[in-house]
Amino acid sequence: MAIILPDLPYAYDALEPYIDAETMTLHHDKHHATYVANANAALEKHPEIGEDLVALLSDVEQIPADIRQALINNGGGHLNHALFWELLSPEKTEITEEVAAAINEAFGSIDAFQEAFTVAATTRFGSGWAWLVVNAEGKLEVMSTANQDTPIMEGKQPILALDVWEHAYYLNYRNVRPNYIKAFFEIINWTKVAELYAAAKA
Ligand code: MN3
C-alpha cells in the first residue's frame, strides 16, 4: 500500500478562465505528485506508523522525529491538494442553507465571510493556504497556514481551502494574488463544502 495521487475530478481545462489548464496540469501532475512521492518515501522509513495521514497529522508528536517535518510538508501537501481539487467546480454550485446559516452566525453575513477569507488569503506572507474550518467548539473560523501545514494539526476540520502558493496562480495571474482569490469565489464547490461541514459537525 502507498499513498496514491488522485485524479482530478474534472478535465485540466475545466476551470478556465478562472484557472488555466497549464497551471492545473503542472499543479496536479508535478507539484501534487511530488508531495505524494515524498510522503511515501518518508512513510517507507517507518512502516510501523501506518499510512493514515489524517490520524498522524492530528498528533504530529507521535510521528518519528526523523520524518516528522517531511510528513508535515508532504503528507500535509497531499491532503491539502486532494481536498483543494474537490473544492473547485466547473459547474456553478449554490451555498446550502446549513452552511449559509453557520457562516452568518460566525461572520454576520456571506460578504463579511468572503472579506475575512480574502484578507487571510491575501495577507498570508510567502507560501501557504487560506481556510474555512470547523473548530473544536463546532464553530466556523477563517484562518491561514504557512507552507503545507494543515488545520488538522490544530484540531480543526477544513471545509474550504485555497492554495496561495505562487505555483497555484503565477502563470495566469502573475504577482496579482488578489485577482486569483477573486476568481476562486467563482468556482467554489459549495456542495462539497456542505458535505465536509456535515461530516465535521457529526
Ligand atoms: Mn499547491
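The values are calculated or read from the model by the stated rules, or taken from the named source; none is laboratory data. Just so we're clear, the structure is a prediction, and the values are computed from it rather than from any experiment. No Cβ is skipped: glycine too gets one built from the backbone with ideal geometry, and neighbour counts run over all protein chains shown. What goes into the accessible areas is simple: the full protein's heavy atoms, side chains included, and nothing from ligands, DNA or RNA. Shrake-Rupley method; radii C 1.70, N 1.55, O 1.52, S 1.80 Å.
Rundown of residues vs (1) outside any strand (DSSP E or B); (2) open to solvent by 40 Å² or more (accessible area, probe 1.4 Å); (3) on the phi > 0 side of the Ramachandran plot, yes/no style:
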site: E105; (1), (2), (3): yes, yes, no
site: A116; (1), (2), (3): yes, no, no
site: A120; (1), (2), (3): yes, no, no
site: W129; (1), (2), (3): no, no, no
site: E137; (1), (2), (3): yes, yes, no
site: M143; (1), (2), (3): no, no, no
site: M153; (1), (2), (3): yes, yes, no
site: I159; (1), (2), (3): no, no, no
site: N172; (1), (2), (3): yes, yes, no
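Condition first: in a loop (DSSP other than H, G, I, E, B) and either within 16 Å of the ligand (Cβ to nearest atom) or in contact (Cβ under 8 Å) with a residue 60 or more places away in the chain (or both). Now tell me which residues in the range 174-202 satisfy that.
Those that are in a loop (DSSP other than H, G, I, E, B) and either within 16 Å of the ligand (Cβ to nearest atom) or in contact (Cβ under 8 Å) with a residue 60 or more places away in the chain (or both): F185, E186, I187, N189.
Pick out the one residue from S109, S127, S89 that is within 18 Å of R177 (Cβ to Cβ) and not β-branched (V, I, T).
S127
Looking only at helices (runs of 4 or more DSSP H) that fall completely inside the range 30-96, which ones have 2 or more residues that are surrounded by 20 or more Cβ atoms within 10 Å (Cβ to Cβ)?
Values: elements: 33-44, 53-58, 65-70, 76-86.
Where helices (runs of 4 or more DSSP H) fall fully within the range 30-96 and carry at least 2 residues being surrounded by 20 or more Cβ atoms within 10 Å (Cβ to Cβ), they are 33-44, 53-58, 76-86.
Under 27 Å from L71 (Cα atoms) and acidic (D, E): is that true of E115 in this structure?
no
Is it the case, given these coordinates, that E61 is in contact with a Lys or Arg (Cβ under 9 Å, 6 or more places away or on another chain) and without any contact (Cβ under 8 Å) to a residue 12 or more places away in the chain?
Yes; evaluated as a whole, the condition is true for this residue.
Has the range 120-143 got at least one residue that is hydroxyl-bearing (S, T, Y) and under 23 Å from N38 (Cα atoms)?
Checked the range 120-143: at least one residue is hydroxyl-bearing (S, T, Y) and under 23 Å from N38 (Cα atoms).
Among the residues of the range 3-29, write down those that are part of a loop (DSSP other than H, G, I, E, B), of a type in the set (A, V, I, L, M) and either open to solvent by 40 Å² or more (accessible area, probe 1.4 Å) or touching a Cys at 6+ places or on another chain (Cβ under 6 Å) (or both).
I4, L5, A11
If I filter the range 64-91 down to residues being among the polar types (S, T, N, Q) and touching a residue at least 60 places away in the same chain (Cβ under 8 Å), which single residue comes out as nearest to the ligand (Cβ to nearest atom)?
Selected residue: N80.
Within the range 33-55, is even one residue under 26 Å from K139 (Cα atoms) and free of Cβ contacts under 8 Å to residues at least 40 places away in the same chain?
Yes - at least one qualifying residue is present in the range 33-55.
Suppose we filter the range 136-162 for residues that are within 13 Å of the ligand (Cβ to nearest atom) and closer than 27 Å to A101 by Cβ; how many remain?
Total satisfying the criteria: 4.
What is the residue count in the range 178-190 for residues that are of a type in the set (D, E, K, R) and closer than 16 Å to A116 by Cβ?
Qualifying residue count for the region: 1.
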